[in-house]
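The structure under discussion appears below in the form of structure tokens.
The values are calculated or read from the model by the stated rules, or taken from the named source; none is laboratory data. Computed from a prediction, not measured in an experiment: that's the story for all the values here. Cβ: placed from backbone, ideal geometry, glycine included. Neighbour counts: every protein chain shown.
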Amino acid sequence: MIHVSNEKKQFVLDQLSTGRLDRRKFFSILGAAAATSIFGPSLNEALAANANQIERRTSLQAHYDYIVVGAGSAGSVLAAELSKSGAQVLLVESGGPDDAPTIANPSIWFYNVGGPLDYHLPLEPLPQLNNRKFNMALGHVLGGGGSINGMVWTRGMQRDYDGWEKSGAKGWAFVDVLPVFKSQEDWEGGANSWRGAGGPIHIRRPGDPHPTAPAFVEAAREMGMPILDDVNGPMRAGAGFINMNIAADGTRVSAVRALLRPELARPNLTLLLNTNVVKLNFKGTRCVGVKLITEGVEKDIAASKDVVLTAGSIHTPKLLMLSGVGEAKALQGLGIEIVENLPGVGANLQDHVLVSGVVFKYKGKMPKRPADSDAVEAEAYLSSGSSGDTDINLVLEQLPAVTPEAAARFGAPPDDAFTIAPALVQPTSRGSVRLASNRFQDAAVVNGNYLGTDQDFAAIVRAIEAARELGNQHAFDGVREIEVVPGPKATSEDIRELARLGSASFGHAVGTCKIGVDELAVVDPKLRVHGLENLRVADASVMPRIITGPTNAPTHMIAGRAAKFILS
């Protein structure tokens, strides 16, 4: 169970490890003996990292072996693994440190979305969503989305990865990626043919679930859904308690904390925070380094081996396009010199659609969530019938969650309420990322094209109906008073209107630099950018098709495989 003291310890260790906290000031406050007693062996690791990172930033080199752009989940995994080889590694992050209390404490993670650690990236209004304005959640902090998300650890289904290979991503079938997933995991149930134990990322189910979570699972049983003891072993249609990357002490296990922080004491690893990479530098078709701005100073840093982009599905294609890699005609129209004509850069954008939401009034006073809970705890995957595959998801949210437009239409829910949020997890719609200008300061133009096909709209309507059906099962009788959004008397048109008013980005953007060999492919199966040398992409943008579930765990896996490709 999480304690305030655990959060405070993590906060101090985070600040020490990244060089933000002055070592002398730290010891002047606590004293050496007290500090050692409170923090234990982790203190020495953090102090070594502190001294090293301060020195590394003070003596920033003109060249490194590898430059990794973006210190989200992928960049943190990749830089940590590359540093173990002894190579000189520079990891660049545009955001600041991951020491906010809303990062460490799982029960309040949702305050990160739309807060100071979020990019606040606006999406283009869509007629099928009544031209509403909303943002895509993107972490602007060390750890990226892995530092601000809900800590749901989902791999996706076997058919997702087998589909990647069939589409041209040779070597990315489930049998190929499973060993990497297992090597990264420390599963509470121990190792088996599906799960790994002893890895850096502790994964567990809710230990003391909120009353709404067991009610959710029993309601799914009443509807005839399979009940899964482990939703990742293997993942399949059904319902169960979620997997969470939350430590035994109740704090978040991000890629930064689990993989990067233990390596920050290495003299060959440099982490730059609050630093923007504004352009990739090329000599012919060879990427030779980056142009960055740190502490207000523009610098060119060379890479003798690879530059690896891990800036995510929006900012990785944006940086490629700013650097002359993308659809030639569009870039020339912005005055950008062409390095390589790759029309797939920024195309193929996919994201899950989340409806906020189907809300129920809690019976009596809503109990406080356990502090080591992520306020989700249970979910179900099923088929809408639109495609025959498992394509929709019902997510328990232990709080009232509605969009402003849905609240205006159906009424604002009470504070003592919970949500069963319908989601579309296998969209057929495709969106895009394009440049607004040739200036790196200008946000990318993102068209999510959510519910852009009749099949997607039909699927989300069925998901809303399934959420209402689930919430009205007898298993919820002890905790549910009444459905309040859209309400017990909602008509079929009300359901369709909720789809238009409540649908938004789930924050799981992928696909804008996909693996493959067709004309829209951006990287080959070894994650090398087509037509260019010494340049790779190793984040969620390389997914040819979105997985059936949240994308953080697969992003860890992609970066783990990238490290093996590069070092081999």
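Of all residue pairs spaced 6 or more apart or on separate chains, those with beta-carbon atoms under 8 Å, a first member in the range 399-416 that is of a type in the set (D, E, K, R) and a second member that is surrounded by 17 or more Cβ atoms within 10 Å (Cβ to Cβ) and assigned to a helix (DSSP H, G or I) are Glu405/Leu501; Glu405/Gly502; Arg409/Glu497; Arg409/Leu498; Arg409/Leu501.
This table checks each residue for (1) among the hydrophobic types (A, V, I, L, M, F, W, C); (2) farther than 16 Å from Asp176 by Cβ; (3) surrounded by fewer than 24 Cβ atoms within 10 Å (Cβ to Cβ).
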position	(1), (2), (3)
Leu498	yes, yes, no
Ala504	yes, yes, yes
His508	no, yes, no
Leu527	yes, no, no
Lys564	no, no, yes
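Within 30 Å of Thr212 (Cβ to Cβ), touching a helix residue (DSSP H, G or I) at 6+ places or on another chain (Cβ under 9 Å) and at pLDDT 95 or above: is that true of Leu470 in this structure? Here the answer is yes, as Leu470 does meet what is asked. Restricted to the range 529-562, and to residues there that are among the polar types (S, T, N, Q) and part of a loop (DSSP other than H, G, I, E, B), the residue that is surrounded by the fewest Cβ atoms within 10 Å (Cβ to Cβ) is Asn534.
Residues in the range 434-464 that are in a loop (DSSP other than H, G, I, E, B) and among the hydrophobic types (A, V, I, L, M, F, W, C): Leu435, Ala436, Phe440, Ala443, Ala444, Leu451. Counting only helices (runs of 4 or more DSSP H) wholly contained in the range 31-141, the ones carrying 2 or more residues that are touching a strand residue (DSSP E or B) at 6+ places or on another chain (Cβ under 7 Å) and either modelled with pLDDT of 95 or more or small (Gly, Ala, Ser) (or both) occupy 73-83.
Would you mind stating whether Val359 is crowded, with 24+ Cβ neighbours inside 10 Å, out of contact with any Ser or Thr (no Cβ under 7 Å at 6 or more places or on another chain) and either aliphatic (A, V, I, L, M) or closer than 30 Å to Gly471 by Cβ (or both)? So Val359 fails the test. Check whether at least one residue in the range 11-29 is at pLDDT below 70, part of a loop (DSSP other than H, G, I, E, B), among the acidic types (Asp, Glu) and surrounded by 13 or more Cβ atoms within 10 Å (Cβ to Cβ), and report yes or no. Within the range 11-29, one or more residues are at pLDDT below 70, part of a loop (DSSP other than H, G, I, E, B), among the acidic types (Asp, Glu) and surrounded by 13 or more Cβ atoms within 10 Å (Cβ to Cβ).
When Gly531, Gly560, Gly516, Gly487 are checked against the criterion of being farther than 28 Å from Val288 by Cβ and in contact (Cβ under 8 Å) with a residue 24 or more places away in the chain, Gly487 stands alone in meeting it. Against the definition (surrounded by 17 or more Cβ atoms within 10 Å (Cβ to Cβ) and free of Cβ contacts under 8 Å to residues at least 60 places away in the same chain), how does His140 come out, yes or no? Yes, satisfied.
Could you list, in sequence order, the residues of the range 421-467 that are over 17 Å from Leu126 (Cα atoms), among the polar types (S, T, N, Q) and out of contact with any helix residue (DSSP H, G or I) (no Cβ under 9 Å at 6 or more places or on another chain)? Listed by number, the residues that qualify are Ser437, Gln441.
Report whether or not Val529 is out of contact with any strand residue (DSSP E or B) (no Cβ under 9 Å at 6 or more places or on another chain) and farther than 20 Å from Asn472 by Cα. Against the criterion (out of contact with any strand residue (DSSP E or B) (no Cβ under 9 Å at 6 or more places or on another chain) and farther than 20 Å from Asn472 by Cα), Val529 does not qualify. When Thr294, Thr285, Thr275, Thr270 are screened for being hydroxyl-bearing (Ser, Thr, Tyr), more than 30 Å from Leu43 (Cβ to Cβ) and either in contact with a strand residue (DSSP E or B) (Cβ under 6 Å, 6 or more places away or on another chain) or surrounded by fewer than 19 Cβ atoms within 10 Å (Cβ to Cβ) (or both), only Thr285 passes. Just for the range 337-355: of the residues that are outside any strand (DSSP E or B) and more than 26 Å from the chain's Cα centre (by Cα), which one is surrounded by the fewest Cβ atoms within 10 Å (Cβ to Cβ)? Result: Glu337.
Can Ala408 be described as of a type outside the set (Ser, Thr, Tyr) and outside any loop (DSSP other than H, G, I, E, B)?
Here the answer is yes, as Ala408 does meet what is asked.
Of everything listed in (1) more than 30 Å from His202 (Cβ to Cβ); (2) in a loop (DSSP other than H, G, I, E, B); (3) touching a Leu at 6+ places or on another chain (Cβ under 9 Å); (4) among the basic types (Lys, Arg), the single unmet condition for Lys365 is (3). Only one entry of Leu451, Leu470, Leu424 meets the criterion of being surrounded by 20 or more Cβ atoms within 10 Å (Cβ to Cβ), more than 27 Å from the chain's Cα centre (by Cα) and within 30 Å of Met157 (Cα to Cα), and that entry is Leu470. State whether the residues of the range 483-496 include one that is in a loop (DSSP other than H, G, I, E, B), out of contact with any strand residue (DSSP E or B) (no Cβ under 7 Å at 6 or more places or on another chain) and closer than 21 Å to Pro427 by Cβ. No: the range 483-496 contains no residue that is in a loop (DSSP other than H, G, I, E, B), out of contact with any strand residue (DSSP E or B) (no Cβ under 7 Å at 6 or more places or on another chain) and closer than 21 Å to Pro427 by Cβ.
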